[in-house]
1. Working only within the range 202-220, note down all residues that are in contact with a helix residue (DSSP H, G or I) (Cβ under 7 Å, 6 or more places away or on another chain) and within 10 Å of the ligand (Cβ to nearest atom).
2. May I ask you to list the residues in the range 160-171 that are of a type in the set (Phe, Trp, Tyr) and buried (at least 21 other Cβ atoms within 10 Å of the Cβ)?
3. Out of the range 236-266, which residues are small (Gly, Ala, Ser), away from the ligand (no atom under 16 Å from the Cβ) and touching a strand residue (DSSP E or B) at 6+ places or on another chain (Cβ under 6 Å)?
4. I'm trying to understand the selection: among the residues of the range 258-279, which are assigned to a loop (DSSP other than H, G, I, E, B) and surrounded by fewer than 16 Cβ atoms within 10 Å (Cβ to Cβ)?
5. Residue by residue through the range 280-318, note down the ones that are in a loop (DSSP other than H, G, I, E, B) and farther than 28 Å from Asp216 by Cβ.
6. Go through the range 161-199 and give me each residue that's touching a helix residue (DSSP H, G or I) at 6+ places or on another chain (Cβ under 6 Å), more than 16 Å from the ligand (Cβ to nearest atom) and not in a loop (DSSP other than H, G, I, E, B).
7. Working carefully through the options Met152, Met157, find the one that is within 15 Å of the ligand (Cβ to nearest atom), crowded, with 17+ Cβ neighbours inside 10 Å and touching a residue at least 40 places away in the same chain (Cβ under 8 Å).
8. Note down all Cβ pairs under 8 Å where the first residue falls in the range 274-289 and is within 12 Å of the ligand (Cβ to nearest atom), the second is charged (D, E, K, R), and they're at least six residues apart or on different chains.
Amino acid sequence: MILVTGGAGYIGSHLVMALLEQGKDVIVFDSLELGHMETIETLKKYGNLKFIKGNLKNLDDIRGVFMSNKNIESVVHFAAYSQVGESVKNPQKYYYNNVYGTLNLLNAMLEFGVKKIVFSSTAATYGEPVYTPIDEKHPQRPINPYGNSKLMVEKIMDDYDKAYGLKSVRLRYFNVAGADSEARIGEWHEPETHLIPNVLKATADKTFKMFGTDYDTVDGTCVRDYINVEDLAKAHIKALEYLNNGGETNYFNLGTKNGNSVKEVFAVCEKVKGQKIPLEICPRREGDPATLVADNSKAKNLLNWTPINSIEYSIQTAYQWEKALSKE
Ligand code: UFG
């Protein structure tokens, strides 16, 4: 049995779908503050899924999960807040949830003898890039509380390994994109802040705002490494296999090694939609580095993971999902 925290959210739900399709038994623990019950209902159609509503900030909620499910072998931990801008305005919310909540999870795991965890970390732990593409040796100097909260958890996990033998794999995501190939689940944030859904959702009344066209990049807009969410889910399965095979605590960048500018993404969205998308050029958004691209060689070599889906495919699936979501 695999416990997935935050399994009703965007990335977590895609891993749960992949696990269920492999015939694995899954427990999802989610507060539903940001995740959606509709996503759980959809996932339940594809395999043996048990859903438990609870909040990691309540130690008893998560202890209860382990107490009544003695067959949990490993944990994949997605549950977290992830908006950089919000974390700057309200660091308390981020440290309390992302750090304290994770401590409760880790302590409950130790109490019940569960010693394998795959953790959603982020490129935001690297901060402003010193070189590109970014490999795992790049200094980790976050520039916002969100990145700090994830880096703190990485450090806690190192110490918990040394002292208690808790093995972790930390997956540092770059920009996650796309949706389920059959549009059953997808990205569903309220409010939405991410590039691709915002471009796809734009209308004459709600134009797409392009933040900054004066960066030192190929066309003046920020360059990001867009990794397809189904490829990303597969990396989590590889990480679980790695831990099950006795792998040591480790960390991997998950990206494609290719960058795309905001203007390029916008052009692909127009192509996929087959229409002009209303665009407004705006000033830079605070805290956006010019370029973030992953060196993914370590994940390729050690996890035997290779992303296969293109950015066009991610945008096509995101568009199919947007259409399905607007019908709900
Ligand atoms: N952008 C726009 N308009 C929008 C939304 C985004 O122009 O409406 C631009 C941003 O300014 C940025 C790019 O599109 O240049 C990508 O922005 P996203 O908000 O989609 O993604 P970020 O790169 O800011 O953030 C993502 C994750 C974070 C994580 C970070 C780490 O959402 O959780 O990657 O690299 F911390």
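1. Within the range 202-220, Phe208, Met210 qualify.
2. Tyr160
3. Selection gives Ala239 alone.
4. If the condition is that a residue be assigned to a loop (DSSP other than H, G, I, E, B) and surrounded by fewer than 16 Cβ atoms within 10 Å (Cβ to Cβ), then Gly274, Gln275, Lys276, Pro278 are the ones that fit.
5. Those that are in a loop (DSSP other than H, G, I, E, B) and farther than 28 Å from Asp216 by Cβ: Leu303, Asn304, Trp305, Thr306, Ile308, Asn309.
6. Tyr164, Lys167, Ser168, Val169
7. Exactly one residue qualifies, and that residue is Met152.
8. Once the first residue is within 12 Å of the ligand (Cβ to nearest atom) and sits in the range 274-289, its partners that are charged (D, E, K, R) give Ile277/Glu270; Glu280/Lys209; Cys282/Lys209; Arg284/Asp214; Pro289/Glu128.
The values are calculated or read from the model by the stated rules, or taken from the named source; none is laboratory data. This one's a predicted model, so the numbers in the text were calculated from it and none came from an experiment. For neighbour counting, all protein chains shown are included, and Cβ atoms are generated from backbone atoms with ideal geometry for every residue, glycine included. These accessible areas exclude ligands, DNA and RNA; they are computed on the full protein's heavy atoms, side chains included. Shrake-Rupley method; radii C 1.70, N 1.55, O 1.52, S 1.80 Å.
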